[in-house]
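What follows is one structure encoded as structure tokens, with my remarks underneath.
The values are calculated or read from the model by the stated rules, or taken from the named source; none is laboratory data. Because the structure is a prediction, the values reported are computed rather than measured. Don't worry about glycine lacking a Cβ; one is built from the backbone with ideal geometry, like all the others, and counts go over all protein chains shown. Side chains are part of the model used for accessible areas, which takes the heavy atoms of the whole protein and leaves out ligands, DNA and RNA. Shrake-Rupley method; radii C 1.70, N 1.55, O 1.52, S 1.80 Å.
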Amino acid sequence: MDTRFFAAWLEECARVVHEQRDYLTRLDAAIGDADHGTNLDRGFTGIRQALAEHTPPTPGALLALAGTTLVRKVGGASGPLYGSALRQMGKALGDAETIGLAELADALETALQAVRRLGGAEVGDKTMVDALSPACAALRLAVAEGIKPQEALSRAADAADQGAKDTISMQARKGRASYLGPRSIGHQDPGATSTALILAALRDVAVAWAES
Amino acid sequence: MKKLINDAESVVADALTGMAAAHPSLSVDVRNRIVLRATGPRPGKVAVISGGGSGHEPLHAGYVGYGMLDAACPGEIFTSPVPDQMLEAAKRMHGGAGVLFVVKNYTGDVLNFEMAAEALAEEGIEVASVLVNDDVAVQDSVYTAGRRGTGATVLVEKITGALAETGAPLADVAITGEEVNARSRSFGIALTPCVTPAAGEPTFELGPNEVELGIGIHGEPGRTRIPAGTARELVRIAMDAINEDLPLTGDVLVMVNGMGGTPQIELYVVFAEVAAYLREKGATVTRRLVGNYITSLDMQGFSVTVCRLDERLTLLWDAPVETPALRWGR
């Protein structure tokens with residue numbers, strides 16, 4: 001997986017987030033403040049613009065630029081959280097020109113740690129951690145089993161999707177949804193949902209890459 | 001839904017352009033999304049800077065001026081600003097005595113201000129933060145993101161601004177801000193949800209005869225919903241919640257705040273009930289504000305903020321202030 005692969009992932013993220021913008025915002029309206037889709041769309045559109053001006057030479061530099069762009073464009077909690085996640089991923093990938101599945105799994109784990117550290121959320125708090133954490137675990141397991149990248153990333157995406165769905169029954173303990181107390185139960189968390197979309201985009205790009 | 005806007009995407013920029021035209025005392029940088037005192041930094045004075053999502057006007061930009069904020073950083077509607085805004089505002093307004101960030105306790109605001117504070121510290125500019133968390137509707141526990149910052153933000157900005165004007169050092173200004181926050185409590189009740197320009201529809205559903213108790217300022221639903229009652233009944237609910245948390249005795253400052261869509265006449269009805277309640281409890285209202293100070297777009301409803309004053313805080317409250325939204329004594 002090279003710089004073009006990761007650029008394709010970010011491009012796909014921008015497309016999907018734009019397409020699902022209103023859906024994410026509706027989820028956020030139920031338990032938050034109705035802007036998650038709008039904010040992420042602005043951020044990923046910013047990434048698309050930044051990459052059009054200048055594509056960094058390595059996957060690490062590319063993800064770091066993408067993360068910085070999110071911090072600068074998004075605001076709210078999702079700006080620093082997604083921004084730091086991508087920046088830390090980029091840092092973890094270093095100067096390598098191509099990335100193997102094991103390095104990607106490690107980098108994703110670094111992203112998870114960054115999100116947990118910054119937001120203070122644990123599994124079960126009804127946040128993006130509930131999608132990211134099972135995805136990391138699934139990816140680690142897939143790496144240990146030595147399966148193909150597209151299949152491994154498919155498992156990670158499935159785990160994230162399931163994790164997002166599992167947030168429906170949870171009571172939020174972080175972010176604005178936590179102010180609702182028990183009334184947050186019964187709604188899918190928008191942050192976990194966008195994380196699942198971003199990881200589904202990673203799978204889709206990997207599958208397309210394997211086919212071509 | 002009808003709105004006085006040109007385009008949902010450009011509401012914040014268009015409003016900043018309007019602020020610039022309406023208030024020559026402000027220097028508005030529409031591109032960088034910062035509002036500064038036109039007089040620039042004052043050497044030796046702590047720069048008091050705040051910011052937060054837009055949609056709470058006059059907070060924060062309406063409080064930029066002598067005796068209050070040096071700069072404000074408006075984010076998108078209900079979305080915290082990004083670190084670049086705070087950085088730029090701090091660099092332009094600091095007078096060599098450090099920067100105080102007044103931050104409302106919301107995850108997004110806290111994270112973005114923290115990132116800005118780290119970057120400022122790297123550039124050698126001293127920075128301290130006051131976290132405002134006065135909303136008693138939220139239980140402060142491991143099960144929530146902690147109490148929200150609401151009405152007390154106005155008080156913290158006024159009083160830290162007044163102290164900073166005297167040339168007090170950063171540590172003193174920060175401690176005083178924390179003291180104001182610790183002595184203040186708020187509770188909000190909505191009669192209607194609000195409509196954000198981007199969504200174009202109400203942020204939550206509320207029946208024609210229901211009110212939402214314990215709302216914040218971002219159109220998020222509150223903790224419970226009850227049948228609508230009289231102003232007297234609703235005020236009692238709000239004041240009981242406050243009094244349970246901070247016994248209301250002694251001299252108090254009271255702010256009855258409209259959420260944006262409630263007429264002033266109703267706010268006076270509310271204020272009368274609040275004053276009666278406090279009299280009953282034996283507290284003395286020595287300072288008061290009635291109006292729209294920290295709003296939630298077009299939401300109908302009110303919040304009450306009570307701050308237990310002492311002599312020093314009263315003097316700082318009375319100190320001259322000259323901003324678009326708060327002005328006296330100068």
- Query: Can you tell me which of B:Thr153, B:Thr166, B:Thr176 is over 24 Å from A:Lys73 (Cα atoms), among the hydroxyl-bearing types (Ser, Thr, Tyr) and within 14 Å of the chain's Cα centre (by Cα)?
  - Reply: B:Thr153
- Message: For the condition within 14 Å of another protein chain (Cβ to nearest Cβ), free of Cβ contacts under 8 Å to residues at least 40 places away in the same chain and buried (at least 24 other Cβ atoms within 10 Å of the Cβ), what is the one hit in B:Val110, B:Val103, B:Val82?
- Response: B:Val82
- Query: Out of curiosity, is A:Thr195 open to solvent by less than 60 Å² (accessible area, probe 1.4 Å), part of a loop (DSSP other than H, G, I, E, B) and either under 24 Å from B:Thr79 (Cβ atoms) or within 14 Å of chain B (Cβ to nearest Cβ) (or both)?
  - Reply: no
- Item | Filter result for A:Asp189 (among the acidic types (Asp, Glu) and within 23 Å of A:Arg21 (Cβ to Cβ)) | yes
- Note on the structure: Across (1) over 15 Å from the mean Cα position of the chain (by Cα); (2) in a helix (DSSP H, G or I); (3) without any contact (Cβ under 8 Å) to a residue 60 or more places away in the chain, A:Phe5 clears everything bar (3)
- Could you grab me the full set of residues in segment B:164-192 that are assigned to a helix (DSSP H, G or I), over 25 Å from B:Val304 (Cβ atoms), touching a residue at least 40 places away in the same chain (Cβ under 8 Å) and in contact with a helix residue (DSSP H, G or I) (Cβ under 9 Å, 6 or more places away or on another chain)? B:Ala164, B:Leu170, B:Val173, B:Ala174
- For A:Asp33, the lone unmet condition from (1) within 24 Å of A:Ala172 (Cα to Cα); (2) in a loop (DSSP other than H, G, I, E, B); (3) under 19 Å from the mean Cα position of the chain (by Cα) is (3)
- Name the residues in segment A:24-43 that are open to solvent by 20 Å² or more (accessible area, probe 1.4 Å), touching a helix residue (DSSP H, G or I) at 6+ places or on another chain (Cβ under 7 Å), free of Cβ contacts under 8 Å to residues at least 60 places away in the same chain and more than 7 Å from chain B (Cβ to nearest Cβ), would you? A:Arg42
- Query: In segment A:139-182, how many residues are open to solvent by 10 Å² or more (accessible area, probe 1.4 Å) and either free of Cβ contacts under 8 Å to residues at least 24 places away in the same chain or touching a Cys at 6+ places or on another chain (Cβ under 9 Å) (or both)?
  - Reply: 13
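Results for (1) buried (at least 24 other Cβ atoms within 10 Å of the Cβ); (2) in contact with an Asp or Glu (Cβ under 6 Å, 6 or more places away or on another chain); (3) of a type in the set (D, E, K, R); (4) away from every other protein chain (no Cβ under 13 Å), shown as yes or no for each residue.
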position	(1), (2), (3), (4)
B:Glu123	no, no, yes, yes
B:Glu157	yes, no, yes, yes
B:Ala164	yes, no, no, yes
B:Val180	yes, no, no, yes
B:Thr192	no, no, no, yes
B:Ile215	yes, no, no, no
- Output the number of the condition that B:Thr150 fails; it satisfies all remaining conditions of (1) within 14 Å of chain A (Cβ to nearest Cβ); (2) assigned to a helix (DSSP H, G or I); (3) not hydrophobic (A, V, I, L, M, F, W, C). (2)
- Task: Just give me the residues in segment A:48-68 being within 14 Å of chain B (Cβ to nearest Cβ) and buried (at least 24 other Cβ atoms within 10 Å of the Cβ), in sequence order.
- Result: A:Gly67
- Message: Going by what's in this entry, would B:Gly301 be described as surrounded by fewer than 16 Cβ atoms within 10 Å (Cβ to Cβ) and in contact (Cβ under 8 Å) with a residue 12 or more places away in the chain?
- Response: no
